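To start, the structure under review is shown below, and the notes come after it.
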Amino acid sequence: MQDYHEFLDEILMDEQAIEKRVSELGAQISKDYDGKNLLVVCLLRGGITFTADLLRHMSIDPEVDCMSLSSYGVGRYASSGNVRVNLDLRTNIEGRHVLLVEDIVDSGRTLAHVLNMLRTRDPASLRVCVLLDKKMRREVPVQVDYVGFDVPDKYVFGYGIDIDEHCRYLPFIATVDLKKYRKPE
Ligand code: PRP
């Protein structure tokens, strides 16, 4: 894999900015769900880093479960909208307060798919928390209840978000200079 310094265009959010915003979201969510038995659902894989940090900024004690979804098909640097469920929840969510935690909403197709699927299971409430919202790319309307940052229509990586399955480990979120990026062999 190419060294990310070669294709990094701009750091949109550094570690401190992310930490500050995640702590605000954690505090808001803790307030909103105070006294309720919350189930946090991490959407794998991009949501791992954000969910882990968000949990550590909560003052409530939610249960945690995971789902793995992936979009596939045409268009590598943008979601295709075809959504596959790789791993479903272990928890029965009927009558539960559920908060989905996702790294990024782009076309909205992944979230729309999972929301439709989970609504049929009769949760008491179902809300969404995303770190990044690429609003101008929305194709399907989805309600997002908690947003970390709005981001421009550029390919982003870091803080859980991959570029060709790499760079998820980086503590910041940056844009890619696609002219300088070489896809791994
Ligand atoms: C990415 C991201 C969201 C989705 C957003 O997932 O994590 O789930 O795309 O795009 P959309 O709003 O257009 O549907 P990806 O399929 O790349 O899987 P990953 O989380 O495992 O990296």
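Give, as residue ranges, the strands (runs of 3 or more DSSP E) completely inside the range 35-144 that count at least 2 residues that are at pLDDT below 95 and of a type in the set (S, T, N, Q). Spell out how you get there, then give the answer.
Numbers: elements: 38-44, 63-72, 82-87, 97-105, 125-133.
Here the list reads 63-72, 82-87.
In this structure, residue 169 does satisfy being open to solvent by 30 Å² or more (accessible area, probe 1.4 Å) and closer than 19 Å to residue 15 by Cβ. Pairs linking a residue in the range 156-185 that is on the phi > 0 side of the Ramachandran plot to a residue that is aliphatic (A, V, I, L, M), with Cβ atoms under 6 Å and 6 or more positions apart or on different chains, are 158/170; 158/173; 158/174; 159/173; 160/48.
Taken over the range 136-149, the residue count meeting the criterion of being away from the ligand (no atom under 12 Å from the Cβ) and in contact with a helix residue (DSSP H, G or I) (Cβ under 6 Å, 6 or more places away or on another chain) is 2. For the range 51-63, the criterion of being closer than 24 Å to residue 171 by Cβ, of a type in the set (S, T, N, Q) and either out of contact with any Gly (no Cβ under 9 Å at 6 or more places or on another chain) or crowded, with 17+ Cβ neighbours inside 10 Å (or both) is met by at least one residue.
Rundown of residues vs (1) within 10 Å of the ligand (Cβ to nearest atom); (2) without any contact (Cβ under 8 Å) to a residue 24 or more places away in the chain, yes/no style:
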site	(1), (2)
20	no, yes
25	no, no
36	no, no
56	no, no
59	no, no
105	yes, no
111	yes, no
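Of all residues being over 24 Å from residue 35 (Cβ atoms) and more than 11 Å from the ligand (Cβ to nearest atom) in the range 113-133, which is least open to solvent (accessible area, probe 1.4 Å)? Just the residue, please. Break it down into steps so the answer makes sense when it comes.
Going residue by residue through the range 113-133, those that are over 24 Å from residue 35 (Cβ atoms) are 113-117, 120, 130-133.
Of the ones still in play, those that are also more than 11 Å from the ligand (Cβ to nearest atom) are 115-117, 120.
Values: 115: 8, 116: 94, 117: 40, 120: 107 Å².
The selected residue is 115.
For the residues 176, 147, 142, the requirement of being open to solvent by 10 Å² or more (accessible area, probe 1.4 Å) and in contact with a Gly (Cβ under 8 Å, 6 or more places away or on another chain) singles out 142.
The values are calculated or read from the model by the stated rules, or taken from the named source; none is laboratory data. If you're wondering where the values come from, they're calculated on a predicted model, not measured in any experiment. Heads up, the Cβs are rebuilt from the backbone with ideal geometry, glycines too, and the neighbour counts pull from every protein chain shown. Accessible surface areas use protein heavy atoms only, side chains included; no ligands, DNA or RNA. Shrake-Rupley method; radii C 1.70, N 1.55, O 1.52, S 1.80 Å.
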